[in-house]
1. Convex hull over the Cα atoms of chain C, averaged projected area in nm²?
2. Taking every DSSP beta bridge that has both residues in chain C, what percent is antiparallel when rounded to the nearest 5?
3. In whole Å, what are the Cα extents of chain A along the three principal axes, biggest one first?
4. For region B:118-126, just list the computed ³J(HN,Hα) in residue order, Karplus coefficients 6.51, -1.76 and 1.60, θ = phi - 60°, integers in Hz, with x standing in for Gly and Pro.
5. With the crude spin-label approximation of a point 7 Å out along Cα→Cβ, what separation in nm comes out for B:Leu14 versus B:Ser206?
6. Taking amide H atoms as placed 1.01 Å from N in the peptide plane, list the residues 5 or more away in sequence, or in a different chain, whose amide H sits under 5 Å from that of A:Gln138.
7. Just to check I understand the Karplus step: with θ = phi - 60° and J = 6.51 cos²θ - 1.76 cosθ + 1.60, what whole-Hz values come out for region C:63-80, glycine and proline as x?
8. Label point 7 Å out from B:Glu310 along Cα-to-Cβ: which residues of region B:351-372 have amide N under 20 Å?
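The values are calculated or read from the model by the stated rules, or taken from the named source; none is laboratory data. From a predicted model like this one, the values you see are computed outputs, not experimental measurements. Ideal geometry is used to build each Cβ from the backbone, glycine not excepted, and the neighbour counts take in all protein chains shown. Side chains are part of the model used for accessible areas, which takes the heavy atoms of the whole protein and leaves out ligands, DNA and RNA. Shrake-Rupley method; radii C 1.70, N 1.55, O 1.52, S 1.80 Å.
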Amino acid sequence: MLEGDDIDDSQYVSGLPGPLGVLDAVIARLEAVLLAIGVMLMAANTVANVVGRYVLGRSIYFSEELNQALIILITFAGISYAARHGRHIRMSAFFDALPFRLRKVMMIVITVVTAAGMFLLAWYSFDYVLTQASRGRQLPALQIPQWWIIVWVPLGFFLTGVQYALTAVKNVIDKDIWLSTNTLEGYDDSREEEV
Amino acid sequence: MIWAIFGTMVVLLLLGFPMMIPLVAGSLIGFVMLFGGIGQLDTMVQQILGGIRPASLIAVPMFIFAADIMTRGQSANRLIDVVMAFFGHVRGGLAISTAGACTMFGAVSGSTQATVVAVGGPLRPRMLKAGYSDKFTLALIINASDIAFLIPPSIGMIIYGVVSGTSIAELFIAGIGPGLTILLMFSIYSYFHALRHDVPTEPRASWAERRRALLRALWPMGFPAIIIGGIYGGVFSPTEAAAACVLYALFLEMIVFREMGFRQLYATAKSTGLITAVVFILVGAGAAFSYVISFAQIPQAILAGIGIDEMGPYGVLFTISIAFFIGCMFVDSIVVVLILVPIFAPVVQATGLDPVLVGTIITLQMAIGSSTPPFGCDIFTAIAIFKRPYLEVIRGTPPFIVMLLGLTVALIFFPQIALFLRDLAFR
Amino acid sequence: DTWRYAFEEALHEVQGQFAQKFKEEVEANSDHTVQLFPFGTLGESADIMEQTQSGILHFVNQSPGFTGALIPEAQVFFVPYLLPQNQDQLVSFFRNSKAIHELFPPLYEQQGLELLTMYPEGEVMLTTKAPVASPEDLNEVKVRVMTNPLLVSAYQAFGATPTPLPWGETYGALQTGIIQGQENPAFFIESTKMYEVTDHITRLGHNNFTTALMANKDFFDGLPEEDQQVIRDAVDAAFDYIIDYQTGLSDESLAKIEEAKPSITITELTEEQRQPFMATAEAVEQEFLKIGGPQAEAILEQMKADLAAAAEAAGGPVADETPTEEAEAPAD
Ligand code: NA
Ligand code: NA
């Protein structure tokens, strides 16, 4: 939460080669923008509701649903962004105490298992989105299909899975231990580990 | 089933997996066992989304956002200067001021992590310079941040209120007494600590200096006015108050103090979004896990096993305190509340306990859990922003934890500490 | 087998009473057991509905107000002054309505649901800080409503400022004065302590809170005929039980409220006082026809015919245009 901790998106290097890497870098930038815009919109929407109620004597009746859509957007754009930068919360006290070789093996196991978990969730959330679309559930206030606001969910899980898979590969081919494709594990980077 | 689930979760946690994985794995095993396969994982996704849906959760990113803006700008520093001007000369005054600053900041923020950053950031260097040990300083900062969790507004109380259906306004008022009691306990402890270690005091500020500090803090003093006046004056709900703080913080830092430009606003919003995402995915995963626990009716089995129904009010309160204390030591406290509050709800109701008292005690345990090893989030925050090793951050905490547990016991036997103000206001 | 049954209220509230009776009947007349999941234990109203659609749950009790997100026609229960205030007419309507027994079931079927029954939960009452006798009294009054366009337009038509607010914040908002009113059946006003933070209870007679029990269709169709019969009989028994249970429930709840807070005023508006409120129903009906889905008109017409028949059967005066309007669901 300090300025020095801000992620400089222009320094981001994708873990993927070639055109895929370019695509990945674009996605990374998009995630960052969605996070920032999402948070600002949420504040604006909530304040506007208060203003509407007092100044205009009318509530923004869809305010709550809009915030719901934004929080889903922020969360699922954020989890893959956090995975890119090794920012997911983890308890590393015991891990840190292990010798280097064991840590390295463990990190590969961790990233592979995490990637698998994310892909599984991506698949089932994709299924969930399809199911919701077929049921035709509407958001009562906005009167739009509910699935519109959850399309980020499979995407977020999938992109998070990709990041962990890439990190696994990087840990296999590189001599160091990597938390994400461009975050080294290690004490000096502890701010990258836990927030 | 339950041991397979808990065992797997603890092992994955200790091995250093991202915390969402143990929670996801716990619910995954549960779903497979309950439905004989992975065919019903749609519902797991539904529950993850359900976990982050409650409208009141919006207050979390909003307060993180507001605090981050204030810390980057001048508002936080100016507020701290006022406290310093008045109490800097007292024996242990700087330490007491730190606790006092946490209390004041607590009227703005509902998050212990935000408080550690906002108060600890500027005050730790001053305390070290004044001769306090880092061991004491770090422990004081991460534990005094608990006050902010009890003084309204409080994320913990908002979530407890939503989950249990308890009036959030009543919870807020009930938190003031215990919050101030912690301030008192920590102040007395700081005084004796400073006395024993002969920590020098700062020179007494003149009234002119105090006046100057006050004047400089005139604008930032608007925060408590907005929140307390706004909520209790019927202008907005606690969630909306958080967003109003964001707006006011932006007004101060961008227009009045000209401390922040659009570039930094963007960076701050992004950082808020990132913190929100990593916390909320755990809230969601916790909700999916809680679904499994609820569907399989596991808590009923455990609670029947320990005979909580025959315990009477004191027994129930002690059981709740212990369960939440231990739970919050290991798991994100929000997740603990999401899981345990519905489990205890029937027995709380059956015993006729005041849900506001129960909520206050639970909130206190959540606050304590923020600074207890192994998983206290304030410990990680402190490691992150002060760049100190894990063990150094927690070395000084035991006396503080003991005081806080003492307050828990006091609350059980003297509920008026919490309920006095509530009864005054609402009864 | 174990049949799982979720509902939107606590065990001691109306849907909980219905569920317990259903469970008792099923277990007495078959080898099956029924596991009950009250409000919140498996998620919110929409969650338990989806779980029933995907077959994790076998039965779900959901009020049409919520089902409206899935079946827009169900929002007809939000149209004010559609349902009768006379209890006999009301019961006769729910027992015999062609709309409920013939028109709605195919709509539920499309969503994979077997509609088992609809039943009333009690008259919706408005609680406010200031007395209400006419739409003018609601001018500028912010009334908390659940997020639904029809409910919003109903209160707009009444002259109030409808304010959607999460249920968890309603008590606090009434206390601090962000809003000045909310509506619910009497038993719910009593159990959620809404009377503590408002001073006047007004019976506009604009609606009776309606709810519905349904089963997963594949599950239900897959049952042997005798099990289906067990379920139908249990539903009938629970329906009779709940009608009986409800007679006097509103009065009992109001008496409890008066005992807890003697200063509260409870006003039943006269027929004459209700007229200006009733006059606004037409606008809401139009809104319903607009957003109530393809069957909206057929459902509304049939409901009106059923209500006229119910009025005749009960021997009462022909329905005064009948109230409706899903209140904020108690389970909200
Ligand atoms: Na606070
Ligand atoms: Na803390």
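1. So the Cα hull casts an average projection of 15.4 nm².
2. Just about 55 percent of them are antiparallel.
3. 64, 41, 35
4. 6, 8, x, x, x, 7, 4, x, 5
5. For B:Leu14 paired with B:Ser206, the spin-label model returns 6.2 nm.
6. A:Gln146, C:Leu70
7. Ordered by residue, 3J(HN,Hα) equals 6, x, x, 7, 4, x, 5, 9, 10, x, 4, 5, 5, 4, 6, 8, 5, x Hz.
8. The answer is B:351-352, whose backbone nitrogens lie closer than 20 Å to the label point.
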